[in-house]
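What follows is a short report on a single structure.
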Amino acid sequence: MKKTTKVILIVIAVLVIVFVAAIAFMVTSDFKQEEKLEKEIDSLYALLNNYPLDYESLDKQISTIITTDDYAKVEKAIKDYSGDFVNYMKQFDTLINDETIMNALTIENIIEDGPDFTNTTKKLSESKTSLDTISTNFSNYLTEEGALSYIKDMELDEYYTTLYKQYILGDNLSEMTSAKEEIIENLDKIKSLIENEEEAINFLVKNKKSWKIEDNQLLFYSESLSKQYNDIIAKMQGI
């Protein structure tokens, strides 16, 4: 009987040692995972904070998950959220680098597409539509509700949910609100620029028999029309 009791005590002692070792391993493993996550997200944010964005590097990093278990879920949610930001920025960069917007009122484009400006009018209208879409996307994206939608179906416990919030929302939601307001304000300025270009193009179309290109210059037959056109151009410079 005493022998049996002794064996049981030894087994219990071994089990305790195993449990302690397992817990220590899990704690150490979790710490290493969190450390890996922190370094990975810091690296990602460094790329996101460097404009113009390096899309090739961002796409590669966003598509790779380096942590495991619940940390991997947090990492994926952060990268999915960041990935959508990158996609919106790609759309934005494509828009502002569109030659139609950049060159709508250059002498070269006036010669090529005037006096009816069919292609220019179509492209400027498409650019405004794209701009409205980008603006709406950012308005919905840069909100607490929008950010939390990326972990909605992941069934994370409170610790990992809080970890995700710290990386995405930070300690102050006003920073996200300020970022959204600044982005929307800049998008509105670009929209105003396009609308002024449209106004100038429409003016040229409406008065197409009252101007000509001579010596690479746009000349109006009427001083009054010239002043009206220059007033439209001046509005663009004030944006």
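Residues in segment 62-89 that are among the hydrophobic types (A, V, I, L, M, F, W, C) and under 13 Å from Ala147 (Cα atoms): how many? Don't jump to the end; show me each part of the working.
Pass one, segment 62-89, residues among the hydrophobic types (A, V, I, L, M, F, W, C): 62, 65-66, 72, 74, 77-78, 85-86, 89.
Add one more test, that the residue is under 13 Å from Ala147 (Cα atoms), and what stays is 74, 77-78, 85.
Result for segment 62-89: 4.
Give me the residue from segment 182-199 that is under 12 Å from Ser135 (Cβ atoms) and under 14 Å from the mean Cα position of the chain (by Cα) and, out of that set, surrounded by the most Cβ atoms within 10 Å (Cβ to Cβ).
Kept after step one, since they are under 12 Å from Ser135 (Cβ atoms), are these residues of segment 182-199: 183-191.
The next check asks that each one be under 14 Å from the mean Cα position of the chain (by Cα); those that pass are 183-184, 186-187.
On the way: Ile183: 18, Ile184: 16, Asn186: 13, Leu187: 20.
Out of the qualifying residues, it is Leu187.
I'd like to verify a number: residues in segment 48-66 that are surrounded by 12 or more Cβ atoms within 10 Å (Cβ to Cβ) and within 16 Å of Ile168 (Cβ to Cβ), how many? First the steps, then the outcome.
Of all residues in segment 48-66, those surrounded by 12 or more Cβ atoms within 10 Å (Cβ to Cβ) come to 48, 53-55, 57-59, 61-62, 65-66.
Subsequent filtering for residues that are within 16 Å of Ile168 (Cβ to Cβ) retains 48, 62.
The qualifying residues number 2.
State yes or no: is Ser178 under 24 Å from the mean Cα position of the chain (by Cα), within 19 Å of Thr133 (Cβ to Cβ), at pLDDT below 95 and not acidic (Asp, Glu)?
Numbers: under 24 Å from the mean Cα position of the chain (by Cα): yes; within 19 Å of Thr133 (Cβ to Cβ): no; at pLDDT below 95: yes; not acidic (Asp, Glu): yes.
Spelling it out, it is not the case that Ser178 is under 24 Å from the mean Cα position of the chain (by Cα), within 19 Å of Thr133 (Cβ to Cβ), at pLDDT below 95 and not acidic (Asp, Glu).
Would you confirm, using the coordinates I've provided, whether Ile111 is of a type in the set (Val, Ile, Thr), assigned to a helix (DSSP H, G or I) and surrounded by fewer than 17 Cβ atoms within 10 Å (Cβ to Cβ)?
Numbers: of a type in the set (Val, Ile, Thr): yes; assigned to a helix (DSSP H, G or I): yes; surrounded by fewer than 17 Cβ atoms within 10 Å (Cβ to Cβ): yes.
The answer is yes for Ile111.
Would you mention how many residues in segment 206-239 are under 27 Å from Lys189 (Cα atoms) and assigned to a strand (DSSP E or B)?
1
Can you confirm whether Asp132 is loosely packed, with under 15 Cβ neighbours inside 10 Å, more than 30 Å from Leu163 (Cα to Cα) and acidic (Asp, Glu)?
Working: loosely packed, with under 15 Cβ neighbours inside 10 Å: yes; more than 30 Å from Leu163 (Cα to Cα): yes; acidic (Asp, Glu): yes.
Criteria met by Asp132.
Which members of segment 63-82 meet the condition of being of a type outside the set (Asp, Glu) and farther than 19 Å from Leu142 by Cα?
Within segment 63-82, Ser63, Thr64, Ile65, Ile66, Thr67, Thr68, Tyr71, Ala72, Lys73 meet the criteria.
Which residues, counting only those in segment 152-180, are part of a helix (DSSP H, G or I), of a type outside the set (Ser, Thr, Tyr) and free of Cβ contacts under 8 Å to residues at least 60 places away in the same chain? Reasoning before the result, please.
The first filter runs over segment 152-180 and keeps only residues part of a helix (DSSP H, G or I), leaving 158-168, 173-180.
With the extra rule that they be of a type outside the set (Ser, Thr, Tyr), the set shrinks to 158, 163, 165-166, 168, 173, 175-176, 179-180.
Glu158, Lys165, Gln166, Leu173, Glu175, Met176, Ala179, Lys180, listed by residue number.
Applying the selection to segment 44-67, what residues are in contact with a Lys or Arg (Cβ under 9 Å, 6 or more places away or on another chain) and part of a loop (DSSP other than H, G, I, E, B)?
So the first thing to find is which residues in segment 44-67 are in contact with a Lys or Arg (Cβ under 9 Å, 6 or more places away or on another chain), and the list is 44, 53, 55, 61-67.
Residues satisfying the conditions are Leu53, Ser63, Thr64, Ile65, Ile66, Thr67.
So if I check each of Ile10, Ile41, which one is in a helix (DSSP H, G or I), modelled with pLDDT under 85 and aliphatic (A, V, I, L, M)? Break it down stepwise before answering.
Values: Ile41 fails: modelled with pLDDT under 85.
Checking each option against the conditions leaves just Ile10.
Looking at (1) in contact with a Gly (Cβ under 9 Å, 6 or more places away or on another chain); (2) over 16 Å from Ile78 (Cβ atoms), which is the one condition that is false for Glu182?
(1)
Does Ile111 qualify as being in contact with a strand residue (DSSP E or B) (Cβ under 9 Å, 6 or more places away or on another chain), within 30 Å of Lys209 (Cβ to Cβ) and of a type outside the set (Asp, Glu)? Please lay out each step first, then the result.
Details: in contact with a strand residue (DSSP E or B) (Cβ under 9 Å, 6 or more places away or on another chain): yes; within 30 Å of Lys209 (Cβ to Cβ): yes; of a type outside the set (Asp, Glu): yes.
Yes: the conditions hold for Ile111.
The values are calculated or read from the model by the stated rules, or taken from the named source; none is laboratory data. If you're wondering where the values come from, they're calculated on a predicted model, not measured in any experiment. Glycine gets a Cβ as well: all are built from the backbone with ideal geometry, and neighbour counts include every protein chain shown.
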